[in-house]
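Let me begin by presenting the structure, written as structure tokens, before commenting on it.
The values are calculated or read from the model by the stated rules, or taken from the named source; none is laboratory data. Here the structure is a predicted model, which means the values were calculated and not measured. Positions of Cβ are generated from backbone atoms using ideal geometry, with glycine treated the same way; all protein chains shown enter the neighbour counts.
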Amino acid sequence: MQFSNIFLLAAAIFSTSATACKCLHSSTKEPIPESTESCCGIAGGNYVGDDCTIDSLQNNNLYDFRICCAYRSALEDC
């Protein structure tokens with residue numbers, strides 16, 4: 001019984017994975033659309049709305065996006 005509860009919890013966690021990345025203000029955690037758009041372009045991703053679609057960021061590109069946000073003193077929410 002306990003195993004099934006752990007399995008259900010794990011399934012719920014993995015089913016809510018991120019579909020987009022954003023650069024966030026480090027203190028307010030508010031999105032920074034200009035940084036997100038710029039970093040998405042630098043990382044070779046697709047900027048749609050105010051998000052960089054995570055499926056367009058592969059391996060090193062995701063790393064590049066994260067470094068770009070950090071360079072701008074921002075957090076990322078991938």
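Just one of (1) surrounded by 18 or more Cβ atoms within 10 Å (Cβ to Cβ); (2) among the aliphatic types (A, V, I, L, M); (3) touching a helix residue (DSSP H, G or I) at 6+ places or on another chain (Cβ under 6 Å) fails for Ile42. It is (1).
In region 54-72, the condition of being in contact with a helix residue (DSSP H, G or I) (Cβ under 7 Å, 6 or more places away or on another chain), at pLDDT below 95, exposed (fewer than 15 other Cβ atoms within 10 Å of the Cβ) and not hydroxyl-bearing (Ser, Thr, Tyr) is met by no residue. Answer yes or no as to whether Cys52 is farther than 17 Å from Thr19 by Cα and in contact with a Ser or Thr (Cβ under 8 Å, 6 or more places away or on another chain). Against the criterion (farther than 17 Å from Thr19 by Cα and in contact with a Ser or Thr (Cβ under 8 Å, 6 or more places away or on another chain)), Cys52 does not qualify. Residues that are in contact with a helix residue (DSSP H, G or I) (Cβ under 8 Å, 6 or more places away or on another chain), part of a helix (DSSP H, G or I) and either modelled with pLDDT of 90 or more or not charged (D, E, K, R) (or both) occur at least once in region 15-35. Close contacts from region 25-50, counting a first residue that is under 13 Å from Asn61 (Cα atoms) and aliphatic (A, V, I, L, M) and a second that is part of a loop (DSSP other than H, G, I, E, B) and modelled with pLDDT under 95, with Cβ to Cβ under 7 Å and a gap of 6+ residues or different chains, come to Ala43/Leu57. So which residues in region 36-60 are closer than 21 Å to His25 by Cα and assigned to a helix (DSSP H, G or I), if there are any at all? Result: Thr36, Glu37, Ser38, Cys39, Cys40, Gly41, Ile42, Ile54.
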